[in-house]
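Chemist: Below is a structure I'd like to ask you about.
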Amino acid sequence: MPKPLIRKLGTVECDLVEATPLVFRDRLYRFEYVRDHYYQPNTTGASYMRLVDHETGECTPGFGAGYHLGSAYSEGDRVWAYAVNTWDGDEIRVWWSDDLEQWETQTALHLPGWGMFNTSVCRGRDGYIMAFEVGRATVEVGAPFTIFFARSDDLRTWELLPTEDHVFTRDRYSACPSIRYLSDGRYYMVYLETLPGPMYPTHIVRSPDLVHWEPSPLNPVLEHSDDDKLIANPRLTEAQRAHIASAENRNNSDMDLCEFQGRTIITYAWGNQQGTEFLAEAVYDGPLEEFLQGFFPG
C-alpha cells in the first residue's frame with residue numbers, strides 16, 4: 001500500500017530549523033525559533049522566538065530571548081510556547097499569550113542533571129502530554145538521543161512520567177519529536193532517525209500508552225530529495241537562493257504539522273545536520289488524522 005503523498009513546496013528560510021505550524025483565530029501561523037546566527041541577520045544578540053503570519057509574512061514581536069529549540073501549541077484563543085534554557089539544558093520554560101504580543105511565562109519543568117533539547121505538546125487522553133528529547137539524564141538514556149514524556153493539567157506545570165517505561169527509545173538515536181493524539185485512542189509521533197551515510201530521515205511510531213510503540217511499515221515519512229531546494233518564499237534573495245542550490249543535503253528533520261482548511265501543513269528542516277540548515281514546507285492534501293493513520297495500513 002502506498003504511503004500518504006506529501007507534496008514538498010520548498011524552502012522558506014535559511015538558518016532556521018525548529019518551527020511549528022499552528023492555527024490561531026482561524027489564521028495559519030508558523031512559530032519559529034530564531035537562532036543567534038540567523039541570516040537576516042539577527043541583531044538582538046540572542047536567540048528568540050516569534051510567529052509569522054503565513055499569508056502576509058508579517059512577524060510578531062520576538063519573545064523568550066536567550067531560550068532555545070522552541071515549539072508551540074495553540075488551543076482556543078491562546079498560544080503556548082516551550083523552550084529550553086540552553087542546549088542540553090535542565091529547564092523547560094513555558095510562555096502563553098492571547099494576542100501574540102504580550103507573553104506571560106514560568107518554569108514548566110525543571111530536571112537538575114538532565115540535558116534537554118526539543119519539545120512537542122499535544123492534548124492527550126487525560127490532560128496534556130509533552131514529548132521531549134534528552135541527551136543525558138539521571139536515568140538511563142541509552143543511545144543519545146532518547147525521548148521522554150511529561151503530563152500536565154493546565155499546560156503550565158508539568159510532571160515527568162515514569163522513566164522506566166514511558167520512553168522512546170533507548171536502543172538507538174531518536175530525536176526531534178512531534179506528538180499528536182488521535183480519535184482512535186493512540187499517540188502518533190514523528191521523530192528523527194539516523195541511518196548509515198549518515199542520513200537523517202523522519203520516521204513515525206504510534207502507541208496507546210506511551211510505553212508500547214509500533215513503527216510504521218511505510219517508514220520513512222520524509223527523506224531528503226531535490227525538491228527540498230525548491231523556492232517557496234519569493235522574498236529570498238539571489239544570494240540565499242544560490243546558497244540553497246549549492247548546499248549539501250542529507251536530512252529531513254524537525255518535522256511538525258497541523259491541519260488547516262482540510263489539509264495537513266508540514267514544516268521540516270533540511271541540510272547537512274551540522275549547522276548548514278534550511279526551513280522548508282510541505283503539504284498533504286487531506287486532514288491530519290487521515291495523514292497520520294495512513295502510515296499504518298489495516
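Chemist: Can you pull out every residue in the range 89-104 that is over 17 Å from Thr157 (Cβ atoms) and either part of a strand (DSSP E or B) or modelled with pLDDT under 95 (or both)?
Modeler: Gly89, Ser97
Chemist: In the list Ala108, Ala137, Ala143, which residue meets the criterion of being small (Gly, Ala, Ser), over 16 Å from Leu210 (Cβ atoms) and surrounded by fewer than 17 Cβ atoms within 10 Å (Cβ to Cβ)? Write out each step before concluding.
Modeler: Numbers: Ala108 fails: surrounded by fewer than 17 Cβ atoms within 10 Å (Cβ to Cβ); Ala137 fails: surrounded by fewer than 17 Cβ atoms within 10 Å (Cβ to Cβ).
So the residue among Ala108, Ala137, Ala143 that is small (Gly, Ala, Ser), over 16 Å from Leu210 (Cβ atoms) and surrounded by fewer than 17 Cβ atoms within 10 Å (Cβ to Cβ) is Ala143.
One line per residue, one yes/no per condition, for (1) under 27 Å from Phe145 (Cβ atoms); (2) among the aliphatic types (A, V, I, L, M); (3) in contact (Cβ under 8 Å) with a residue 12 or more places away in the chain; (4) crowded, with 16+ Cβ neighbours inside 10 Å:
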site	(1), (2), (3), (4)
Leu69	yes, yes, yes, yes
Gly76	no, no, no, no
Tyr82	yes, no, yes, yes
Gly89	yes, no, yes, yes
Ser97	no, no, yes, yes
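Chemist: Which ones in the range 151-197 are polar (S, T, N, Q), touching a residue at least 24 places away in the same chain (Cβ under 8 Å) and farther than 20 Å from Glu75 by Cα?
Modeler: So in the range 151-197, the residues polar (S, T, N, Q) come out as 152, 157, 163, 169, 174, 178, 183, 194.
Narrowing the set further to residues that are touching a residue at least 24 places away in the same chain (Cβ under 8 Å) leaves 152, 157, 163, 169, 174, 178, 183.
Passing the criteria: Thr163, Thr169, Ser174.
Chemist: Now for a separate question. What do you reckon, is Thr119 of a type in the set (Val, Ile, Thr), modelled with pLDDT under 95 and either surrounded by fewer than 17 Cβ atoms within 10 Å (Cβ to Cβ) or not in a loop (DSSP other than H, G, I, E, B) (or both)?
Modeler: Details: of a type in the set (Val, Ile, Thr): yes; modelled with pLDDT under 95: no; either surrounded by fewer than 17 Cβ atoms within 10 Å (Cβ to Cβ) or not in a loop (DSSP other than H, G, I, E, B) (or both): yes.
Considered against the rule, which asks whether it is of a type in the set (Val, Ile, Thr), modelled with pLDDT under 95 and either surrounded by fewer than 17 Cβ atoms within 10 Å (Cβ to Cβ) or not in a loop (DSSP other than H, G, I, E, B) (or both), Thr119 comes out as no.
Chemist: Could you list, in sequence order, all residues of the range 260-298 that are among the charged types (D, E, K, R) and out of contact with any strand residue (DSSP E or B) (no Cβ under 7 Å at 6 or more places or on another chain)?
Modeler: The initial filter retains those residues of the range 260-298 that are among the charged types (D, E, K, R), namely 263, 277, 281, 285, 289-290.
Matches in the range 260-298: Glu289, Glu290.
Chemist: Filter the range 122-153 for residues that are outside any strand (DSSP E or B), in contact with a strand residue (DSSP E or B) (Cβ under 9 Å, 6 or more places away or on another chain) and not β-branched (Val, Ile, Thr) and give the result. Reasoning before the result, please.
Modeler: Applying the first criterion (outside any strand (DSSP E or B)) to the range 122-153 yields 124-127, 137-145, 153.
Retained after the next criterion (residues that are in contact with a strand residue (DSSP E or B) (Cβ under 9 Å, 6 or more places away or on another chain)): 124-127, 137, 139-142, 144-145, 153.
Scanning the range 122-153 gives Gly124, Arg125, Asp126, Gly127, Ala137, Glu140, Gly142, Pro144, Phe145, Asp153.
Chemist: Out of Asp26, Asp99, report the one residue that is of a type outside the set (S, T, N, Q) and within 27 Å of Tyr188 (Cα to Cα).
Modeler: Values: Asp99 fails: within 27 Å of Tyr188 (Cα to Cα).
Answer to the check: Asp26.
Chemist: Only residues that are touching a Phe, Trp or Tyr at 6+ places or on another chain (Cβ under 7 Å) and in a loop (DSSP other than H, G, I, E, B): list them for the range 65-87, please. Working first, answer last.
Modeler: At the first step, the residues of the range 65-87 found to be touching a Phe, Trp or Tyr at 6+ places or on another chain (Cβ under 7 Å) are 65, 68-74, 78-81, 83-85, 87.
Ala65, Asn85, Trp87 - these are the residues of the range 65-87 that are touching a Phe, Trp or Tyr at 6+ places or on another chain (Cβ under 7 Å) and in a loop (DSSP other than H, G, I, E, B).
Chemist: Continuing with the same structure: Taking the range 209-251 as the search range and keeping residues that are touching a Lys or Arg at 6+ places or on another chain (Cβ under 9 Å), closer than 17 Å to Cys176 by Cβ and among the polar types (S, T, N, Q), which one is surrounded by the fewest Cβ atoms within 10 Å (Cβ to Cβ)?
Modeler: Asn219
Chemist: Of all residues in the range 209-232 being of a type in the set (D, E, K, R) and outside any loop (DSSP other than H, G, I, E, B), which is nearest to the chain's Cα centre (by Cα)? I'd like the intermediate steps shown before the answer.
Modeler: Kept after step one, since they are of a type in the set (D, E, K, R), are these residues of the range 209-232: 209, 214, 223, 226-229.
Now drop any that are not outside any loop (DSSP other than H, G, I, E, B), which leaves 214, 226-229.
Numbers: Glu214: 20, Asp226: 22, Asp227: 20, Asp228: 17, Lys229: 20 Å.
Filtering first and then ranking leaves Asp228.
Chemist: Looking for something modelled with pLDDT of 95 or more and in a loop (DSSP other than H, G, I, E, B) - is there at least one such residue anywhere in the range 37-52?
Modeler: no
Chemist: In this structure, is Arg30 surrounded by fewer than 21 Cβ atoms within 10 Å (Cβ to Cβ) and either in a strand (DSSP E or B) or modelled with pLDDT of 95 or more (or both)?
Modeler: Working: surrounded by fewer than 21 Cβ atoms within 10 Å (Cβ to Cβ): no; either in a strand (DSSP E or B) or modelled with pLDDT of 95 or more (or both): yes.
No, not satisfied.
The values are calculated or read from the model by the stated rules, or taken from the named source; none is laboratory data. Everything quoted here is computed from the prediction, not taken from an experiment. Don't worry about glycine lacking a Cβ; one is built from the backbone with ideal geometry, like all the others, and counts go over all protein chains shown.
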